[in-house]
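What follows is calculated from the coordinates using simple rules that are stated; it is not laboratory data. What you see is a predicted model; the values in this text were computed from it and never measured. Methodologically, a virtual Cβ is constructed for each residue, glycine included, from the backbone with ideal geometry; neighbour enumeration extends over all protein chains shown.
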Amino acid sequence: YGYNPDSATYDGDNIKNIYNNFSGGALYQSKGKTKDDFSYSGGLDYYYMKDHYRNTESYFNIKGDVSKMVHQHLLTVPLSITSTSFTSDTLYRRLFVDVNPRYFLDYGRLSLNVGFNSTLFNDSLKGKLYWYPYADFKVKIIENKLNAHLGIDGGVTQNTYASLVKQNPFLDTVLQ
């Protein structure tokens, strides 16, 4: 197709990248003794990533949720606070605060899970609040054979240097 592989020359040390990664986490969970008791969990996640050139990223996440039966239906409120900082030539910091409450109504053959996804995003440049409705409607038409499902969902996905490298390990090390 017009490509001569002998015309491409490269130095092997200039095209490889080495990643150093340190990560750890912990989770605590407490289930209520009866179905009407509070259940809760909380955890921490941390990683530090550095490549062979000049990029470093640190990630810290505090997460938790609380669940309680309200009027014989389950209410769950997850909360997550994530801080990331990326340094190449300059320092770039980001903060995400996620609150995604759900109320699960179960009537046997019919179930409805409603709530919303919200993210407060703040970085070195600006901040913004994102809000998305969430609904999941299910009907059992024929038990264990046929279900109908209808839903709506949305949210913000955080791109980090580590998530980009995971998708493409040959990523150029000069990031904007």
- Message: Can you match P(r) over Cα pairs in 5 Å bins from 0, in percent to one of these, (1) 1, 8, 17, 22, 21, 16, 9, 4, 1, 0; (2) 1, 6, 11, 12, 13, 13, 11, 9, 8, 6, 4, 2, 2, 1, 0; (3) 1, 6, 12, 15, 16, 14, 12, 9, 7, 5, 3, 1, based on a calculation from the structure here?
- Response: (2)
- Message: Loop by DSSP (not H, G, I, E, B), at most 13 other beta-carbon atoms within 10 Å: where is the longest site-free stretch of the chain for trypsin sites (Lys or Arg not before Pro)?
- Response: 55-108
- Query: Computed over the Cα atoms, what is the radius of gyration of the range 57-129 divided by 2.2 N^0.38 Å, N being its residue count?
  - Reply: 1.52
- With 27 Å as the limit, write out which pairs from K35/K138; K31/K128; K31/K145; K31/K63 have Cα-Cα distances beyond it, or answer none. K31/K128; K31/K145
- Item | Candidates D98, D123, D37: whichever shows maximal mean-square fluctuation once the chain is modelled as a Gaussian network with Cα springs under 10 Å | D37
- 222 nm mean residue ellipticity, helices alone, for the chain (DSSP H n ≥ 4; -39,500 (n - 2.57); rounded to 500): -1500 deg cm²/dmol
- What FRET efficiency, computed as 1/(1 + (r/R0)^6) with R0 = 30 Å and r the Cβ-Cβ distance, is obtained for L110 and N168, rounded to the nearest 0.05? 0.10
- Which residues make up the longest stretch of the chain that has no chymotrypsin sites (Phe, Trp or Tyr not before Pro) in a DSSP loop with at most 14 other Cβ atoms within 10 Å? 108-169
- Message: Give the aspartates and glutamates whose C-alpha is closer than 17 Å to that of K166, dropping any in the same chain fewer than 8 places away, or say none.
- Response: D51, E57
- Item | Relative contact order computed over the chain (Cα-Cα under 8 Å; 6+ residues apart), in percent | 13 percent
